[in-house]
């Protein structure tokens, strides 16, 4: 059996909804603090705390939304991982040049309904890709999960390291 695969991973709408809900709740806490509903703080402290909560909520939502992108993941038969960002321009998808090979790190989490791929790029930077079942088709998610488990098992047997979340579920 070959683990080779090439797939396009779309941004998760479920994860966007969860981040939006979390940021909305942080903003709501800020509004409740500003209105004096929560706590017995003086007005200057309430204003500062409310401003910090609202700023954190806005920053979190903007940062997450800006970093959402469609990614092409290619896994070779030997377990080599390559990534490419796909940009949308005027309704067309444009494939950016392939990045140098990436290495799956031991802090990768592989669960039955969530893949958090932590990849070290050739530049030395670390990139985390969250893949939920709504990012790819059901069959592709399963194949991608099996391929990542194979890579993790292959790497851990040679490097004596493990991957988080690989226990039988």
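In this label model, residue 45 and residue 139 are separated by 6.1 nm, measuring between points 7 Å along each Cα→Cβ vector. Stretched out straight at 0.36 nm per residue, the stretch from residue 103 to residue 77 would grow longer than its current Cα-Cα span by 7.9 nm. Placing dummy labels 7 Å off each Cα toward the beta-carbon, the span from residue 130 to residue 6 is 2.9 nm. Relative contact order of segment 13-67: 47 percent, from C-alpha pairs under 8 Å at least 6 residues apart in sequence.
Calculated FRET efficiency, residue 122 to residue 20, Cβ-Cβ distance, R0 = 41 Å: about 0.75 to the nearest 0.05.
Computed from the coordinates by the stated procedures, all read-outs in this text should not be read as laboratory data. Every value quoted in this text rests on a predicted model; they were computed, and no experiment measured them. Reconstructed Cβ throughout: ideal geometry from the backbone, glycine too, with neighbour counts over all protein chains shown.
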